[in-house]
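Structure first, then comments.
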Amino acid sequence: MSEAGPRAAAQRRPARPARRALLVALALAGAALVVAVLGEGAVEVVGASLMSALLQLSALGVVARGLRDHRPRRRVLLPLLGGLVLWQAGLVGLLVEAVVWGGTTFPTRVEALFVLSFLGFGAAVLLDGDASASTRPRGVVALEALVLVGGGACATAGLLVVPLQLGLVDATTALGLLHPGVWATLLVLVVVRGLSRTRCRDRRSAALAAGLSLVVAADAALFLADVPGPVGELRLAALGAGMLVVALALVAVPGAPERPSSGVGIVGVVLAAGAALALLGAWTFLPAPFGGVVAVVALGTGAVTVLLLGLALQGERYAAQERHLARTDELTGAANRRALHDVAADAAGEALGLLLVDLDGFKGINDRLGHAAGDAVLVAVAGRLRRAAGAGGLLVRVGGDELAVLVRGEEASPERVEALARRCREAFAHPVRWTGGEVPVAGSVGTAHRPAAAAEPARTDVAPERALEDLMRAADAAMYAAKRAASVVRPRQPPPDDDLCGDVPGAPRRPELAPVEGEP
């Protein structure tokens, strides 16, 4: 038996020790809950704290094992682990505060730990099932998490403005409700992605939504009413259990979504910015400490949103430049084969006309005068063909000394294609000026035409790639027929002044392509 066999079998076997440890921790948490419910005073506090700590430690253990077993999920699990650690540290801080100072008040002295933990949870939910997660820089993901958390806090604060003005809630309670508001924002993100099919609709998605719902309800109940006894302890149990369910759901490997998702999206950024701006206009009317905290959150969210939008616009510009370069020939500035295929695919069903142009004797130019002269000829001829094609034609460098012009729609009628072919032949009527003299140019032109699909009802649908191949094959045959018939016209006339040696509008100038002294 090969070594791969036992290893694969070991991977297929359930992780029994890990499951036993999780079950033991849950059993101990249940026992601690019973102690908290039945006990009084210090016994109740110790039981509740132990129960919460055991649930949190169970979630930490699940994530730690996921980091070991599912390396591709580390980008999601690392921020989740950070969020759980910070949340656990906050709970320990609350216990210390209760023992040392004899009680806790909100906001607590360790409130920053809970706020920072939201960034870890937010980043984990953002990255879960995100198709572009592996390509986005970590700094951008951190900014997206800030926008998500800050936008959720701002939206929650906006919903609490009216209850504050009516006296239904006090400022301290409203401030505490920002916490479940942020959790609710994460829940909304999961639900929206599920409805838009940008995440897979499976049991792990349902578990993630259920865990977040449990955390939202438990966290809100902790601030809405101070309920002593068993009900109060059950709120802590629900909060810890919800986080454990969230951890279990995020550790599981997701399926493939129907459509890719990317970060918070432009709609989320706009909503976060709108909520922040609305709060900045109303914070002076809000009571302390709610008003001051909300103003700081709104300012921070607005600043991060502007920064994120700036990075997104810059990234889009870079992406547009890369797309343009990927579809453009570097020497002549003409489109390349990839652009030709894309345009032909977009024109599926339309009439198409293709002209294939081949330079005669181009190898001899390179051999006699050097490749710099050959490049100058290509650039000059490409410029002439570009002007002949006009705005309705796509100039393409197919490869080497072979160029093509693609027209579509009304421009692809047989009469217009033939007129375009005549104009293209005129591109070889003048030699190209090169340092030290003139370089005669000659070329052969072949044309092909494909009517629109509506003009040929009997024609079966043909894939765009196959249709373009057929068109190029017909144009190539026509071009070689023209070459054999020696139909190229080569009058020796002075060249026009607007296409000398690479001085072609829209074509890049190469340093070695020096024009004749005195020419523009």
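The values are calculated or read from the model by the stated rules, or taken from the named source; none is laboratory data. Since the structure is predicted, the reported quantities are computational estimates derived from the model, not experimental observations. Here Cβ is always computed from backbone atoms with ideal geometry, including for glycine, and neighbour counts include all displayed protein chains. The area values use the complete protein model at the heavy-atom level, side chains included, leaving out ligands, DNA and RNA. Shrake-Rupley method; radii C 1.70, N 1.55, O 1.52, S 1.80 Å.
List of remarks:
- Rolling a 1.4 Å probe over the protein heavy atoms gives region 321-443 an accessible area of 43 Å² per residue.
- In this structure, ARG20 and ALA303 have a Cβ-Cβ separation that, at R0 = 45 Å, corresponds to a calculated FRET efficiency of about 0.40.
- Modelled FRET efficiency - R0 25 Å, ALA326 with VAL270, Cβ distances, 0.05 increments: 0.25
- Computed E for ALA282/ARG338 - FRET, C-beta separation, R0 41 angstrom, nearest 0.05: 0.20
- Computed extension gain for THR104 through ALA485, at 0.36 nm per residue and net of the alpha carbon distance, reaches 127.4 nm.
- Net charge of the neighbourhood of GLY120, taken over other residues with C-beta under 14 Å away and scored Lys/Arg +1, Asp/Glu -1, is +1.
- Packing-based order for 465-477, 403-415, 234-246, using average beta carbon neighbours within 10 Å, highest first: 234-246, 403-415, 465-477
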